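The values are calculated or read from the model by the stated rules, or taken from the named source; none is laboratory data. These numbers were taken from a predicted model, which means no experiment stands behind them. Note that we place each Cβ from the backbone using ideal geometry, even for glycine, and neighbour counts take in every protein chain shown. All accessible areas refer to the heavy atoms of the entire protein, side chains included, with ligands and DNA or RNA removed. Shrake-Rupley method; radii C 1.70, N 1.55, O 1.52, S 1.80 Å.
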Amino acid sequence: MTMNLRPGVVTADTEYGMALLDQSSGEYYTLNPTAALIVRTLLEGTSTEQAVTTLTDTYDVSAEQVEEDIARILEELRAARLLTA
């Protein structure tokens, strides 16, 4: 799955993960390091399956937990209307 941010949404790496700024509304969202890695990985065009492998190789976590985390993060980004349709 390719994930794309909506035009006008920019990212910035921070000391604590990543920030997403919606330039049209002025709202920003912060992501912890794990969520930031998920978003970076998916923005690079990596498949969800490859993202799961990346996360399980990086952290001591099950594939099932990573799949749930990815689904939750994508749901939250969609709810905030930060992704393209």
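Is it fair to say Leu37 is open to solvent by 60 Å² or more (accessible area, probe 1.4 Å) and hydrophobic (A, V, I, L, M, F, W, C)?
Considered against the rule, which asks whether it is open to solvent by 60 Å² or more (accessible area, probe 1.4 Å) and hydrophobic (A, V, I, L, M, F, W, C), Leu37 comes out as no.
Taking segment 1-41 as the search range and keeping residues that are more than 21 Å from Glu67 (Cα to Cα) and among the polar types (S, T, N, Q), which one is nearest to the chain's Cα centre (by Cα)?
Ranking the qualifying residues of segment 1-41, first place goes to Thr11.
What number of residues within segment 35-64 are part of a helix (DSSP H, G or I) and within 18 Å of Gly17 (Cβ to Cβ)?
Result for segment 35-64: 13.
With (1) in a strand (DSSP E or B); (2) surrounded by 13 or more Cβ atoms within 10 Å (Cβ to Cβ) as the list, and Asp13 as the residue in question, which single condition is left unmet?
(2)
Between a residue in segment 44-67 that is without any contact (Cβ under 8 Å) to a residue 40 or more places away in the chain and any residue that is part of a helix (DSSP H, G or I) and among the acidic types (Asp, Glu), which pairs come within a Cβ distance under 8 Å, given they are 6 or more apart or on different chains?
Note: pairs meeting the criteria are Val52/Glu67; Leu55/Asp69.
Looking only at segment 63-84, which residues are surrounded by fewer than 15 Cβ atoms within 10 Å (Cβ to Cβ) and in contact with a helix residue (DSSP H, G or I) (Cβ under 7 Å, 6 or more places away or on another chain)?
Hit for segment 63-84 is Ala63, nothing else.
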